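Colleague: Would you mind keeping the following structure in view while I ask a few things?
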2 protein chains.
Amino acid sequence: MASLGDIGVSALINIVTAFAFLLAFALLRIQPINDRVYFPKWYIIGARTSPTHTANFVTKFVNLNFKTYLNFLDWMPQTMRMKEPELIEHAGLDSAAFLRIYVLGLRIFGPAAVVAFLVLIPVNVSGGVLFFLSKDLVISDIDKLSISNVQPKSPKFFAHILVMYLFTFWACYMLYKEYDVIASMRLNFLASKSRRAEQFTVLVRNVPHVPDSSVSDTVKCFFKKNHSTHYLCHQVYKSSLISSWPRPSTMRTNMQRAVRKRQKMQNYLDYNQLKFERHPNKRPTRKTGFLGLWGQKVDSIEYYQQRIKELDEKLTTEHQKILKDPKRIMSAAFVSFNSRWGAAVCAQTQQSKNPILWLTEWAPEPRDVYWKNLAIPFVSLSIRKLVISLAVFALVFFYIIPIAFVQSLANLEGLEKVVPFLRPVIEWSFVKSFLQGFLPGLALKIFLWLLPGILMTMSKIEGHVAFSVLERSTAAKYYFFMLVNVFLGSIVTGTAIQQLNSFLHQSPTQIPRTIGVSIPMKATFFITYIMVDGWAGMAGEILRLKPLIMFHLKNMVIVKTARDRQKAMNPKSIDFPEAIPSLQLYFLMGAVYAVVTPILLPFILIFFAFAYFVYRHQIINVYNQRYESAAAFWPHVHHRIVASLLISQLLLLGLLSTKKAANSTPLLAVLPILTVTFHKFCKNRFEPAFRKYPLEEAVEKDAQDEASEPETDMKSYLCEAYLHPVLRSIEEFELSELGLGVDKNRAHFSSQLEKEQENKGSPKMQHLEVVVGQHESAYTHHHKASAQNVDVTDH
Amino acid sequence: MASLGDIGVSALINIVTAFAFLLAFALLRIQPINDRVYFPKWYIIGARTSPTHTANFVTKFVNLNFKTYLNFLDWMPQTMRMKEPELIEHAGLDSAAFLRIYVLGLRIFGPAAVVAFLVLIPVNVSGGVLFFLSKDLVISDIDKLSISNVQPKSPKFFAHILVMYLFTFWACYMLYKEYDVIASMRLNFLASKSRRAEQFTVLVRNVPHVPDSSVSDTVKCFFKKNHSTHYLCHQVYKSSLISSWPRPSTMRTNMQRAVRKRQKMQNYLDYNQLKFERHPNKRPTRKTGFLGLWGQKVDSIEYYQQRIKELDEKLTTEHQKILKDPKRIMSAAFVSFNSRWGAAVCAQTQQSKNPILWLTEWAPEPRDVYWKNLAIPFVSLSIRKLVISLAVFALVFFYIIPIAFVQSLANLEGLEKVVPFLRPVIEWSFVKSFLQGFLPGLALKIFLWLLPGILMTMSKIEGHVAFSVLERSTAAKYYFFMLVNVFLGSIVTGTAIQQLNSFLHQSPTQIPRTIGVSIPMKATFFITYIMVDGWAGMAGEILRLKPLIMFHLKNMVIVKTARDRQKAMNPKSIDFPEAIPSLQLYFLMGAVYAVVTPILLPFILIFFAFAYFVYRHQIINVYNQRYESAAAFWPHVHHRIVASLLISQLLLLGLLSTKKAANSTPLLAVLPILTVTFHKFCKNRFEPAFRKYPLEEAVEKDAQDEASEPETDMKSYLCEAYLHPVLRSIEEFELSELGLGVDKNRAHFSSQLEKEQENKGSPKMQHLEVVVGQHESAYTHHHKASAQNVDVTDH
């Protein structure tokens, strides 16, 4: 076990690493050449266009203003300048709520640390000098401050139980307050948005097959009958636009391939036109052969224009084929209503006598829709859920088996057989020892690197219909993995499968004891974990080393047009499936060690504070969220923190029962019951705000809209809100072809809506729109409407 | 362990007992004097008025037609004459669905018994002759037919696993089919009913307190705003009408006391008027003193009329006091809509931004409402649920402690101290041995007799708002008690608390082994249990000995008027809280023993068949259901049978693992997973039919109503549908006072509705209506409307 000195050294190393990263970040971010890596968000919202406006060639790439180098931590106060409402406006509620998790951590563990330091550390230190521990546990200085230092049967355990009660009540109070705040923030956020498609639209799945009637007609007929005064229009979903599972997603349909190719050609055309503009006297040419290396020399602009025309014809043919093939229409539709009230009612009620037909739910945001999973039938969904939950269980507990197998293959002998010519190099002692240290861990490292992707694929197979739900589901799986393999796996030595086996053969009361008794001994391990994974990891996050390198590489090799540069920026978004579970592991550690080894708390507090600054900076300057779910992940965050509290209580119970504190332990047994009750109450009290949409709210917003913009043509807007991305890109090409025309429908909508769409649309799409122009012809509108079987008749 | 011969003797005794009961029943039921005991249902629906129409005095009481004595089992075919649709019409869907549970039992276990007899018994018998069991188990003939007779490690266990798979699949298939049938029966039943108040009404709880606005105005304003086109009217619930918890229910409010007294006076008045009619020359008199024993002699009719007038005045005063006291209006209301669609939407959606305010749910039938629990706030409900679930847990596992304590007091020494003068009698050896055998069990027997009442009280404290829900909740608690204390308690010797303790200290894989290994040994015990509790118990049920005696006693002592005789009939209804859990214990026994000791199945099959006949007879001729929940209990029945399947699989797993059948046991582990999946699928597929009301259905029914009776005045009907029973009785007194007037509102409603209400109303209320006349004056209507704050303004 590490002594306080060892911890100090480790802390020093990590602090130095973190500061080195921060210094590198401070130097790199003020170089104009890196501006698009460290401030992409501002480019996307259009607040920046070019890093510098000076004519000096050098200052275009390197910052020569040395004053700015001095205060290299000034980004921290800078991030705090943006207030929360402004932040929500700037980056969305998801990001703001994500930041609040860190603040919640500070609020829960800050006072807890103070109380624990004032009460528990004196109590622990004043006890016997660990005389009884010398037998089975190694004494460390950290242990002297922990509960291990208290003699068995001591009445001092009442102090620990008291602090545990105080901590639980305080944590529950903060959780309750936070849930309340987030729920009302969500409602306000939803209310503050002007008319958006998802507020009026319901996703209908499992539309039954009616003989002699198309799916579109069936949907229209059903909703006209059952929601007569509220139904407006619908869009039927087509399967052929995308490749369907179980074909891997890399195999694309004809349509998608053609669209991709067309985008590429358009890019080349833009590039050549730009070239021509710069040098009007030299018309760009290329050769027609492979990669333009040989063959006939032609005019590039004409060549690409010709190719685009061909592709457009191909797309139109494909498009017509889809329209004529009734088999390709799947049993899902987006149904729009003329009021929020109508949509809220439809989303929350049961439609059909058969409860697995006509399943309705709120439509996700158009850009949040995961199109591939829309048409999975109900029975298939049930089976998928079963299979995936079994697979996750197997993955968590048995992942070590295939890895051990691969490890047994990937040893030096194996390597020498595969690459015999490298034998001399391998035999060289330095390389040999390096490989021997490196190879066994390689399979595990590759697996851990692949893990989020594997879990995401599992979630996709499960059949969720929105990216936000997919990410939440992946986060849940990832948390489960971390809990078992990182937290419990570190405390109880042995692999998860060994643990599972031993737990199955132990009594349920024995398990918390087994884990509880080894908790105090692992405190130093977790302190090191916090410093490496938390402190240094966060500093690495803000440095963005990988995107930095990738951006400059791309800039050198691929980038030809503004569109390419926009693409190369790759701002990414908050990685919810990884960030939230990792973060919640800190809550778990904090809750478990708050009473056992309070010295761990300051390390966690520093992590929370530092990570808060880092993520605040990244959210303001870098990340561009792909979708906005209005903090829909909060119930998961809340549940898992409550679960952490429960785990900590059970483990303390187990620990105390090994301390023979028979007269104080029963007092603690009430706490889990109270915690579960708190959880249930919160679930009833707040969760509906994240699942349902209150009619009161809907009526209010409808009335406001009615008052402010009574003349809006909702129908034509809603009818094309849920276009499949492929169809949308076809549409955009057609726009560029026709070049002009006024979008009558959008013109009717509020300017704010336009702005929001621009701000929040994906950067790619956005830029495309700027390039090709934002106009739309009557022809295109008609084309689109027929493509999605929009109901354009009045009713 | 009992041999086959012992079982035969036991069977003979029980068959003889059952036949004796049946014979007694056959003799008693054809006596005209018992007609009201064995055929009360027909009196209630008005199909019978008097047992005989002959003038002969003797035949009025005793049946002298000896032919009818010969075929004493002819009631069995008689019960089958009534087909299911007719039965639903006659007794309601609850009763019909209850009978289907028995048929389901026959369908599941019939084929299972055939397969088990053809496959498993030969397999079991052909094995070694229990040589290995002689050490630790007593050999019995029954055991030779059971799985105990198979040698450890035998490949024969594959046969058992195969049969378990077949049985589970067959049971799931039958369960699925049955759920499907019941769900569609429920929808048809709800659809076939004409307009009823509960189809248009939603119960709203947790109405928030708005300053300067009465609850009634708040409700009106909220629903006018949020359900503008559908809201019709509402009735606010008043707390002062009933005593509220925690005051015990025996303490009544002034109002209730007055109403009770008035009913009594009315009864005396009726009796004296009847007396006067029979002997017009002698006017009945009574004395004014205590119990009419002394004091001034007055004319009875005038005396009672005077008293009734006084009470009416008192009631009116009380009534006015309630109306004027705004504090007495509680935060619950029945809100009615002008269409089923509107009510369905309101019941299924979230109303308020704060999800614990304005909670809506379908209103129960008016006669199903449990008024006392309407106004419990949300937070209180959460706490009550927690407290009661802890209490139920304690009751199930620790009930034995107070009983053992009482038993230790109630011994002979204690008795001698309390009643020293009885010492000579107690010391007499015969009495002493009787008491010694009797006293220790007395406390337990009293507890078991009180148990359903205790559980019902617990459910009431939990805060359910309908009698049907209360009974379902009680049934769930009772089943839990039976499962732990009867089923597990019989298999594993020792009290529940000892079991709990040992289970807590065993590994989770050890528990099914511990139980599984002793299952085959307990087969004879359960066979005896089935014969005593099932066969003889059912025969006792049809005999109705207690109601028979009570009726004749009451007839001799209390009965003065027709109303009293109606009351004395006491047909009761199916005792769901006891009948369903007991019945499901048989499903559990069948599932567990189907593979282990198949010889048990025929006993269960006989029970199901016999109980089916008995209950069919009782439902047709005796029971009068207090409410109709349209088979709302079915999901519970289904879940518990699935749980039985799961328990049986786990126990078989445990049993096989002790048999060292290592190569066959893992095959069985898949079965619980499949069963859980089946359960989840059924829950999604069918449960919404029992919780929600599909809009499709609502629209259809609304359209039908519109077509058939477009002119109905819904509002005036719905405005007074949910009157508190006390107010309703006050109203009825006023009717009798005023004597005439035409009920305009009801006249508008279909005659079928009237008929249904008459058929299904409680017999007491019904008779009262017949006595006091079914008319209602305009005055009363106004009175009533103001009493319940009905919104009578148009909007």
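The values are calculated or read from the model by the stated rules, or taken from the named source; none is laboratory data. Bear in mind that the values here come from a model prediction, so they are computed numbers and not experimental data. When we count neighbours, we look across all protein chains shown, and the Cβ atoms used for this are built from the backbone with ideal geometry, even at glycine. Accessible surface areas use protein heavy atoms only, side chains included; no ligands, DNA or RNA. Shrake-Rupley method; radii C 1.70, N 1.55, O 1.52, S 1.80 Å.
Colleague: Need at least 2 residues that are modelled with pLDDT under 80 per element, so show me which helices (runs of 4 or more DSSP H) inside region A:28-112 make the cut, counting only ones lying wholly within it.
Modeller: Ranges flagged: A:35-38, A:40-44, A:67-70, A:75-81.
Colleague: Across region A:172-213, what is the number of residues that are over 19 Å from A:HIS679 (Cβ atoms), open to solvent by 50 Å² or more (accessible area, probe 1.4 Å) and more than 23 Å from the chain's Cα centre (by Cα)?
Modeller: Residues in region A:172-213 being over 19 Å from A:HIS679 (Cβ atoms), open to solvent by 50 Å² or more (accessible area, probe 1.4 Å) and more than 23 Å from the chain's Cα centre (by Cα): 5 in total.
Colleague: Look at A:SER518 and say whether it is hydroxyl-bearing (Ser, Thr, Tyr) and either more than 14 Å from chain B (Cβ to nearest Cβ) or open to solvent by less than 20 Å² (accessible area, probe 1.4 Å) (or both).
Modeller: In short, yes.
Conditions (1) at pLDDT 80 or above; (2) of a type in the set (D, E, K, R); (3) assigned to a loop (DSSP other than H, G, I, E, B); (4) open to solvent by 10 Å² or more (accessible area, probe 1.4 Å), marked per residue:
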site	(1), (2), (3), (4)
A:GLY489	no, no, no, yes
A:ILE497	no, no, no, yes
A:ASN501	no, no, no, yes
A:ALA523	yes, no, no, no
A:GLY534	yes, no, no, no
A:MET556	no, no, no, yes
A:VAL559	no, no, yes, yes
A:ARG565	no, yes, no, yes
A:ALA591	yes, no, no, no
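Colleague: Right, next: Taking B:ARG81 and the conditions (1) open to solvent by 50 Å² or more (accessible area, probe 1.4 Å); (2) touching a His at 6+ places or on another chain (Cβ under 8 Å), which numbered condition does it fall short on, given that it satisfies the others?
Modeller: (2)
Colleague: Just the residues that are assigned to a loop (DSSP other than H, G, I, E, B) and either touching a Pro at 6+ places or on another chain (Cβ under 9 Å) or open to solvent by less than 10 Å² (accessible area, probe 1.4 Å) (or both), please, taken from region A:143-171.
Modeller: Listed by number, the residues that qualify are A:LEU145, A:SER146, A:VAL150.
Colleague: Here is a further query. Taking region B:384-409 on its own, how many of its residues are surrounded by 15 or more Cβ atoms within 10 Å (Cβ to Cβ) and modelled with pLDDT of 85 or more?
Modeller: 9
Colleague: Filtering region B:652-676 down to residues that are within 13 Å of chain A (Cβ to nearest Cβ) and open to solvent by 30 Å² or more (accessible area, probe 1.4 Å), which residue is farthest from A:ALA391 (Cα to Cα)?
Modeller: Across region B:652-676, the extreme among qualifying residues is B:SER657.
Colleague: Give the number of residues within region B:615-647 that are closer than 18 Å to B:ARG107 by Cα, more than 16 Å from the chain's Cα centre (by Cα) and open to solvent by less than 10 Å² (accessible area, probe 1.4 Å).
Modeller: 5
Colleague: Filtering region B:685-722 down to residues that are open to solvent by 40 Å² or more (accessible area, probe 1.4 Å) and part of a loop (DSSP other than H, G, I, E, B), which residue is nearest to the other protein chains (Cβ to nearest Cβ)?
Modeller: B:LYS692
Colleague: Would you be able to say whether some residue in region A:316-334 is within 14 Å of chain B (Cβ to nearest Cβ), modelled with pLDDT of 85 or more, in contact with a strand residue (DSSP E or B) (Cβ under 9 Å, 6 or more places away or on another chain) and closer than 29 Å to A:HIS209 by Cα?
Modeller: no
Colleague: Here's a follow-up. Please verify whether A:ILE356 is at pLDDT below 85, open to solvent by 10 Å² or more (accessible area, probe 1.4 Å), within 11 Å of another protein chain (Cβ to nearest Cβ) and out of contact with any Cys (no Cβ under 6 Å at 6 or more places or on another chain), treating the condition exactly as stated.
Modeller: Judged against the criteria, A:ILE356 is a match.
Colleague: Here's another thing I want to ask about it. Can you tell me which residue is farthest from A:ALA97 (Cα to Cα) among those in region A:664-709 that are polar (S, T, N, Q) and touching a Phe, Trp or Tyr at 6+ places or on another chain (Cβ under 9 Å)?
Modeller: Here the answer is A:SER664.
Colleague: Same structure again: Any idea which of A:ALA363, A:ALA344 is within 8 Å of chain B (Cβ to nearest Cβ) and touching a residue at least 24 places away in the same chain (Cβ under 8 Å)?
Modeller: A:ALA344
Colleague: Could we say that B:TYR586 is aromatic (Phe, Trp, Tyr) and under 24 Å from B:LEU455 (Cβ atoms) here?
Modeller: Yes.
Colleague: Further question: Just to verify a result, which residue in region A:336-376, among those that are assigned to a loop (DSSP other than H, G, I, E, B) and of a type in the set (Ser, Thr, Tyr), is farthest from A:HIS464 (Cα to Cα)?
Modeller: Filtering region A:336-376 for residues that are assigned to a loop (DSSP other than H, G, I, E, B) and of a type in the set (Ser, Thr, Tyr), the one farthest from A:HIS464 (Cα to Cα) comes out as A:SER339.
Colleague: May I pose another question? Would you confirm whether or not region B:433-456 contains a residue that is modelled with pLDDT of 70 or more and outside any helix (DSSP H, G or I)?
Modeller: The answer is no; no qualifying residue exists.
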